[in-house]
1. Every residue in region 46-84 that is in contact (Cβ under 8 Å) with a residue 40 or more places away in the chain, of a type in the set (Ser, Thr, Tyr) and within 30 Å of MET10 (Cβ to Cβ), please.
2. In region 22-45, is there at least one residue being open to solvent by 100 Å² or more (accessible area, probe 1.4 Å) and not in a helix (DSSP H, G or I)?
Amino acid sequence: MMYHLFETEMQSLSAFNAEALRWFSLGAFFLNCIIAVVIGWCFSNGLLSSFAEFMVHRGVWFVAVLTVACFGYGFWIVYQKHTLIAQIKRETKAEPQA
């Protein structure tokens, strides 16, 4: 099947992809921060500094909430993109390819 799409529909799909990539990248960055703090805490030999103590006990939880929010928003955008694709398929008259 071949679907005829307007340029604005293609730009919308591309914008959804870019936005999903942005939120998944932020989520991966925050997840990397959490992993770095936990690994640093696990392999520390002595007492932790006050900043490290704060990050282990309070900062990680805040960053975890940011991580979940970023990944959640990224999945929501992917769902919205699939909804838009389904709407385009419903509204576009399909022609069989020759």
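The values are calculated or read from the model by the stated rules, or taken from the named source; none is laboratory data. Predicted model only: the values in this text are computed from it and were never measured. When we count neighbours, we look across all protein chains shown, and the Cβ atoms used for this are built from the backbone with ideal geometry, even at glycine. Accessible surface is based on the protein model in full, side chains and every heavy atom, while ligands, DNA and RNA are left aside. Shrake-Rupley method; radii C 1.70, N 1.55, O 1.52, S 1.80 Å.
1. TYR73
2. Yes - at least one qualifying residue is present in region 22-45.
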